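The values are calculated or read from the model by the stated rules, or taken from the named source; none is laboratory data. In this text, all values refer to a predicted model and were calculated from it rather than measured experimentally. We place every Cβ from the backbone using ideal geometry, glycine too, and count neighbours over all the protein chains shown.
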Amino acid sequence: MDIIEDSDGVIFSVPCFQGHLPGILKNFTDHMAFMLHRPRYFTKKALVITTTGGVSARSTTKAMAAVLSGWGFNKCYQLPIMALSWNDYRPSAKDLKKTHDIAGKFYADISSGKLHVPGAGVLVPFNLFQAMTAAETDYPTEDNSFWRKYAGMRYAPGIPLTPGKKLLGWLIYQAGRRLLRSTTVTYRK
Ligand SMILES: Cc1cc2nc3c(=O)[nH]c(=O)nc-3n(C[C@H](O)[C@H](O)[C@H](O)COP(=O)(O)O)c2cc1C
C-alpha cells in the first residue's frame, strides 16, 4: 500500500487462470476489500495487463480494473493480450501496436497530471456509504470515522465533477439518508 501511495501510476500484470484472476491475486484483492468501503487512491492511475493462452483476457482485465476503480483509482487503462501459442509466443504486430498505443496513453496521462471526472459507478459507494455512516449507531465501524472527512463532498477533493455528476452524487446521498432510517450499517454477526 505504501508503494501505491508513493506512485502516480501502477502497472498490474495479471496472467489469466481458468478464466479469472489467479487465486493468489484474488486473495490479495480480497484482503484489501475494505477499500471498497473506504477508497483512497483517488489521484492514482493504473494499467492492467492481462496475458492469456487463448481465452478470457478481456474479462480478466475488466475484473481487475473494476476492483481498482472500487479502491478509488482515477483511471484504469486495460491491455488484454492473447498469446494463442504454447511455449513459443512472439508478440504479433497487432499486439505490439496495441501495447505501444495503450502504454503511450497511460504514460501521457500520468505526465499530464490531469484528473478525470469519475464514472457514475464510483459515485454510488462514495455517496451511499457517506450518508449511511453519518449517524452514530450502537455498532460503530471504521467506516463511520472514515467518511466524516468527506462530509458535504460528492466526491474526493481535487477530482473534477460535472454539474450532472454532482447532482447524481447528491441524489445518491439523499437515497442513502433515506436508507439510513430503516437500515443500520454494522459488521456485527
Ligand atoms: C493454472 C492455469 C490456468 C490457466 N487458465 C487459462 C485460461 O483459462 N485461459 C487461457 O487462455 N489461458 C490460461 N492459462 C495460460 C496463462 O494465461 C498463461 O500461461 C499466462 O497468461 C502467461 O503468463 P506467465 O508467463 O506468467 O505464465 C492458464 C495457465 C495456468 C498455469
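Sub-7 Å Cβ pairs linking a first residue in region 137-151 that is at negative phi and outside the structural domain of Arg40 (by TED's automatic domain parsing) to a second residue that is surrounded by 13 or more Cβ atoms within 10 Å (Cβ to Cβ) and assigned to a helix (DSSP H, G or I), at least 6 apart or interchain, are Asp143/Phe129; Trp147/Phe129; Trp147/Gln130; Tyr150/Gln130, ordered by first then second residue.
Scanning region 60-119 for residues that are charged (D, E, K, R) and closer than 15 Å to Phe12 by Cβ, which turns out farthest from the ligand (Cβ to nearest atom)? Out of the qualifying residues, it is Lys75.
Val48 - would you say it is under 17 Å from Tyr77 (Cα atoms), within 16 Å of the ligand (Cβ to nearest atom) and among the β-branched types (Val, Ile, Thr)? Before you say what the answer is, go through the steps one by one.
Working: under 17 Å from Tyr77 (Cα atoms): yes; within 16 Å of the ligand (Cβ to nearest atom): yes; among the β-branched types (Val, Ile, Thr): yes.
So Val48 passes the test.
A quick yes/no check of all residues on (1) at pLDDT 95 or above; (2) of a type outside the set (S, T, N, Q):
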| residue | (1), (2) |
| --- | --- |
| Asn74 | yes, no |
| Ala83 | no, yes |
| Lys105 | yes, yes |
| Ser111 | yes, no |
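Go through region 1-39 residue by residue and tally those that are within 11 Å of the ligand (Cβ to nearest atom) and assigned to a strand (DSSP E or B). Of the residues in that region, 5 qualify. All of (1) closer than 29 Å to Val10 by Cβ; (2) part of a helix (DSSP H, G or I) hold for Trp170 with one exception: (1).
Within region 35-50, none of the residues are in contact with a strand residue (DSSP E or B) (Cβ under 9 Å, 6 or more places away or on another chain), free of Cβ contacts under 8 Å to residues at least 60 places away in the same chain and loosely packed, with under 14 Cβ neighbours inside 10 Å.
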